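Working notes for the structure below.
The values are calculated or read from the model by the stated rules, or taken from the named source; none is laboratory data. What you are looking at is a predicted structure, and each value in this text was computed from that prediction instead of being measured. Counting neighbours? That spans all protein chains shown, and the Cβs are built from the backbone with ideal geometry, glycine included.
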Amino acid sequence: MNSAEWLSWLRRWLTQHPLQTPSDSLQAVYTEGVMQRIRAMEKPSFASPWFRLPRVAVALGTVAACGLAVMVLMPRDGTQRAQQRSIVMLAESLREANETAWIEAMMEELEALEEDVEIFSSTPDEPITDEELLEELELFDDTDLDLAES
């Protein structure tokens with residue numbers, strides 16, 4: 001469609017559908033109707049004063065509930081922290097005591113083993129056999145395992 005055809009179509013359409021402007025009296029009535037609809041939209045029906053009171057009550061109830069939760073969950077004077085620290089210190093001291101007892105038992109076993117080695121080395125006439133040495137080491141391993149389990 002070229003421009004000449006389009007212009008001829010537009011002229012025919014405008015003659016069939018003429019543009020009309022409203023008269024001054026109709027324009028005033030139309031504007032008044034539009035303004036009434038706008039004013040009605042400015043004041044929604046649910047914004048009545050009785051609806052505002054529950055909002056305030058709900059807000060105050062929420063603030064009170066949050067405050068109560070904070071007061072209950074927070075320690076008051078630090079006694080819980082002190083108890084936690086003392087429990088940790090007690091656990092550490094027990095662990096150190098167990099380690100100390102285990103070290104002392106191991107030292108005793110090592111001293112006993114040294115005495116056995118001295119006995120074997122002091123009797124060169126009767127050398128120790130491999131089987132006897134293996135039995136001694138197994139006995140030592142068993143006592144070490146028993147000490148570790150206790």
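Of the residues making up the range 89-131, those that are modelled with pLDDT of 80 or more and either touching a Phe, Trp or Tyr at 6+ places or on another chain (Cβ under 8 Å) or among the β-branched types (Val, Ile, Thr) (or both) are Thr100, Ile103, Glu109. Cβ separations smaller than 9 Å between residues 6+ apart or across chains give the following pairs from the range 100-112 residues that are surrounded by 12 or more Cβ atoms within 10 Å (Cβ to Cβ) to residues that are not in a helix (DSSP H, G or I): Ala101/Ser150; Trp102/Ser150; Ala105/Ser150. Pairs meeting the criteria (first residue in the range 128-141 and over 24 Å from Ala105 (Cα atoms), second residue modelled with pLDDT of 75 or more and surrounded by 11 or more Cβ atoms within 10 Å (Cβ to Cβ), beta carbons under 9 Å, at least 6 apart or on different chains) are Ile128/Glu136.
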